[in-house]
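Here is the structure we will look at.
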Amino acid sequence: MSFTARTHVRCFTLIELLAVLVLLSSVGALSIGALGRLPNVHQERAAIDAVMRAWERTSLLARRSNGAVLMSEGEMLVADAPQPAPAPTARALTEHFPRRWRVELNEDEPIPFDVNGYSTDIRCKVTRPDGTQMYFTLLGVTGQRLDEDESP
């Protein structure tokens, strides 16, 4: 007496394997595109943070040294205190932007800060390396950022 046990082994067909391969390659292609944008998002965040830090530091400088002025100079922001001042004066602080990013504050007009550390509202235009621009407003009393539209 011989016992032959036949078991039915379920295998995937070639079509099913190809369908899974196509699906996985599509997901991979989409994720690689998203990963390629990560450095730009990081640099955009760094540019916005530089503007926010410059506002905070200029506000503090103004309280300590009887007023201050914040100016945009291409790829950096510069704050100066009036003469004479107890704090370091000329170019008391600078904030640099990521390479090839530019910033304009109130169309490159110097922004005065009062003795109490407040300024007028500041309209910021940040230009990315590809030429697109991002706009936001900093409220002069609180330093809060209000996003605006972007232009190509």
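Numbers for the structure displayed
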{"quantity": "Single unsatisfied condition, Arg100 versus (1) crowded, with 16+ Cβ neighbours inside 10 Å; (2) part of a loop (DSSP other than H, G, I, E, B); (3) of a type outside the set (S, T, N, Q); (4) at pLDDT 75 or above", "calculated": "(1)"}
{"quantity": "Unmet requirement for Tyr118, which otherwise passes all of (1) over 16 Å from Leu77 (Cβ atoms); (2) of a type in the set (Ser, Thr, Tyr); (3) surrounded by 13 or more Cβ atoms within 10 Å (Cβ to Cβ); (4) free of Cβ contacts under 8 Å to residues at least 24 places away in the same chain", "calculated": "(4)"}
{"quantity": "Single unsatisfied condition, Asp108 versus (1) out of contact with any Phe, Trp or Tyr (no Cβ under 8 Å at 6 or more places or on another chain); (2) buried (at least 16 other Cβ atoms within 10 Å of the Cβ); (3) under 13 Å from Ser72 (Cβ atoms)", "calculated": "(2)"}
{"quantity": "Residues within the range 123-145 that are under 17 Å from Glu107 (Cα atoms) and either free of Cβ contacts under 8 Å to residues at least 12 places away in the same chain or not in a strand (DSSP E or B) (or both), tallied", "calculated": "5"}
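Residue by residue, here is whether (1) surrounded by fewer than 16 Cβ atoms within 10 Å (Cβ to Cβ); (2) at pLDDT below 80 holds:
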{"site": "Gln43", "(1), (2)": "no, no"}
{"site": "Ala54", "(1), (2)": "no, no"}
{"site": "Leu77", "(1), (2)": "no, yes"}
{"site": "Ala85", "(1), (2)": "no, yes"}
{"site": "Thr94", "(1), (2)": "yes, yes"}
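The values are calculated or read from the model by the stated rules, or taken from the named source; none is laboratory data. These numbers come from a predicted model, not from an experiment. Virtual Cβ from ideal backbone geometry, glycine too; neighbours counted across all protein chains shown.
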